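The values are calculated or read from the model by the stated rules, or taken from the named source; none is laboratory data. The model shown is predicted, which means the values in this text are computed figures rather than measured ones. Counting neighbours? That spans all protein chains shown, and the Cβs are built from the backbone with ideal geometry, glycine included. Surface areas here come from the heavy atoms of the whole protein model, side chains and all, with no ligands, DNA or RNA. Shrake-Rupley method; radii C 1.70, N 1.55, O 1.52, S 1.80 Å.
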Amino acid sequence: MGMRIVSLSLAGVLALGSAPAMAQQAQTGVLAGKATAEMKDPPASYRVQVRDAASGQIAGTSQLDPQGRFHAGNLPIARQYLVELYHVTNQRVVCTEGPFVHATGKLEYTDINIDCGKRPTALWLLAAGAGAAAAIAVATRSASQ
């Protein structure tokens, strides 16, 4: 009887001891996608670095597969991350995407497309507005002279 109680107690302690580890595993996320739009060399020349936006520290890395895809897992949630395409040979960041926010409701981003050549609509509108303002200023100055 005494040995049975010890065995059950030991089993309970082991189960409770593994609970924090299981909870910690559930509190991680994944950033994955492709980087083919920015690659000028074979995929083996690059890696993807996931940088914690707040601390600036690299939180994970991933080599690109032959198709230019990456997968970085075990990233703690409740943080913002930047995804950097890093050229290993030239030792420089080619392109940065993000920030991606890992929150409790969104643990995985698996469709990231590293494509820094694209311009968000808001930037195009700002550029167009600035160009129009400059054209009006020039036309006004020319008319007053």
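So the values come out like this:
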read-out: Charge sum, other residues only, whose C-beta stays under 12 Å from Thr89's C-beta, Lys/Arg counted +1 and Asp/Glu -1; value: +2
read-out: Accessible surface of the range 25-79, 1.4 Å probe, proportion on carbon and sulfur as whole %; value: 48
read-out: Accessible area expressed per residue, the range 54-104, with surrounding protein chains retained (probe 1.4 Å, Å²); value: 57
read-out: Simple label model, 7 Å out from Cα along Cβ direction - Gln57 to Val101, nm; value: 2.3
read-out: Environment charge of Gly56, counting only residues whose C-beta is closer than 14 Å and scoring Lys/Arg +1, Asp/Glu -1; value: 0
read-out: Most to least packed among 62-71, 108-117 [average Cβ atoms within 10 Å]; value: 62-71, 108-117
read-out: Mean Cβ neighbour count within 10 Å, used as a protection proxy, ranking 30-36, 95-101 highest first; value: 30-36, 95-101
read-out: Nitroxide proxy distance, nm - points 7 Å out along Cα→Cβ at Cys116 and Gln67; value: 2.5
read-out: For the range 44-87, alpha-carbon Rg and Dmax in angstrom; value: 10.7, 32
read-out: Added length on full extension, which subtracts the Cα-Cα distance from 0.36 nm per residue, Val88 to Asp41; value: 15.9 nm
